[in-house]
Amino acid sequence: MAPQHDANNDHIITSQPTEIDQLLEPVHDRKLYPIKTSRHAQIIRPLIVAIAAVTAVMLLSTVYAELKHRGVPPKKNDQTYMPRKQINVLNGMTISKVNEEFSKKKIHLVQTQEKKSSSTGKWQKMTVCTSQLMIMRHCEKEKKVKVDGGLDKTTDTTDMFGNRHCSKKGLARSEYISTLFADPEQYNASLYGNENEAEAWIKPQFSPPLKLYALSESRYKRPAKHHKNFREIETVTPTARKFHLDVDERFGDRDEGDLAMDFFQTLSQSAAKSVDSALTMKMTLNATEPYAAEESRDICNGMVVVNWKHSRIANLSAALGCGKEQGCPQKYHGKDFDVVWLLTFQYSIKMGSESKKSHSRHYLKNSPISVNGGWKVSAQLVNEGFTS
């Protein structure tokens, strides 16, 4: 506040500063009062943070131990597959296996090309391996229970632990499925024309299965809602019992690619043996005689069955090299339990020598042989025909 002059007295009157003047006092002139924290607070705060961190680590460790104890594998990222690329993978695996068989022979297998070979030699095409793989859905799962008011409510069939099982109708389907596959003697009778044994067939018949896959019982769920699902295993159990087979349940949800690689490995090994037999026969017999594959208990002349959950069947078929172009649908309908996807894998080779010489028996034994090979995958939909 500015000083004032008294008109009568020649001296300056200095007034006392008001409250407003004090409030308008410059900030840099004000006193700062820092907030003081007690010594106890400085000790407790980091202690609380440390306790929270230890608690979080213990909780995560408990969850991990529970998952490990219950056999639930870490959740995998979903993956989609391109059928053509998967077929190329199968071709590469087969070529590698065949070339291993012929590492000491004058034979080299390469993948079949779309364009015709420029070779001047004589080429012959032979189908040396035909294998089938059947993908089917698990059994029915729902049952009706009475609720308040006497109304029927549809619910999943579970046990006291919350594990999923086939319903009564589903168990009946499982038994029925085992009858779709012919006994080995009955199947051989159909191949060689024994009508007395084959005429009694009423249901659609398939060759005896050589291997059974079923989706693992473990599911990717939160620990609090963890359960096991035995429906896929229960669906093929009667078939396994009938043909004295083990059920391969190593592969779980989102493991379609791993299952496909396991099947490709077995199929490639079997095809390599068939190629070896075919070429050995051709190099010892007249090259113009047709090749007839031997009927034996082998993947190249047999059936593999896979039981899976319907929402993952399309992804499984793609991993096996079957998409829309090969005849596999884009999805398996949720209300359908009767349709099976029957995939056929055929491996054909084209054999010839890079020469204009005649294909005499002596020449085929001693000349370098060039062989082209490739897989063809196709599919058809077949009804099981089960009626409750």
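The values are calculated or read from the model by the stated rules, or taken from the named source; none is laboratory data. In this text, all values refer to a predicted model and were calculated from it rather than measured experimentally. Here the Cβ is made from the backbone with ideal geometry for all residues, glycine too, and neighbour counts use every protein chain on show. What goes into the accessible areas is simple: the full protein's heavy atoms, side chains included, and nothing from ligands, DNA or RNA. Shrake-Rupley method; radii C 1.70, N 1.55, O 1.52, S 1.80 Å.
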(message) Please give me the summed charge of the neighbours of TRP375: other residues whose Cβ is under 13 Å from its Cβ, Lys and Arg +1, Asp and Glu -1.
(response) +4
(request) Give me the net charge of THR237's neighbourhood, meaning all other residues with Cβ under 14 Å from the Cβ of THR237; Lys, Arg count +1, Asp, Glu -1. (result) -3
(message) Amide H of CYS129 versus every other amide H placed in the peptide plane: which residues, excluding those fewer than 5 positions away on the same chain, fall under 5 Å?
(response) TYR347
(request) Show LYS309, LYS125 ordered by accessible area, largest first, where the area counts protein heavy atoms only and the probe is 1.4 Å. (result) LYS125, LYS309
(request) Would you mind checking which residues have amide H under 5 Å from GLY374's amide H? H placed 1.01 Å from N; only 5 or more apart, or other chain. (result) THR112, SER348
(request) Quick one: which residues, 5 or more positions from SER218 or on another chain, have an amide H under 5 Å from its amide H? H modelled 1.01 Å from N in the peptide plane, none for Pro or chain starts. (result) ASN229
(message) Given the whole protein assembly as supplied and a 1.4 Å probe, what does the accessible area of ARG241 come to in Å², nearest 10?
(response) 140 Å²
(message) Give the separation of the Cα centroids, the range 78-98 to the range 157-187, in Å.
(response) 32 Å
(message) On a 19 Å Cα-Cα criterion, which of the cross-link pairs LYS85/LYS376; LYS273/LYS324; LYS228/LYS335; LYS309/LYS331; LYS242/LYS331 come out too long?
(response) LYS273/LYS324; LYS228/LYS335; LYS242/LYS331
(request) Could you run the Karplus curve 6.51 cos²θ - 1.76 cosθ + 1.60 with θ = phi - 60° over the range 299-306 and give me ³J(HN,Hα) per residue in whole Hz, x for Gly and Pro? (result) 4, 5, 9, x, 10, 10, 10, 10
(request) Tabulate in residue order the Karplus-calculated ³J(HN,Hα) for the range 266-277, using 6.51 cos²θ - 1.76 cosθ + 1.60 with θ = phi - 60°, rounded to whole Hz; enter x for Gly and Pro. (result) 5, 5, 5, 4, 5, 5, 4, 5, 5, 5, 4, 5
(request) Using a Förster distance of 22 angstrom, determine the FRET efficiency expected from the C-beta separation of SER388 and LYS324, and round it to 0.05. (result) 0.10
(message) Please compute the modelled spin-label separation between LEU47 and THR130, points set 7 Å along Cα→Cβ, answer in nm with one decimal.
(response) 8.1 nm
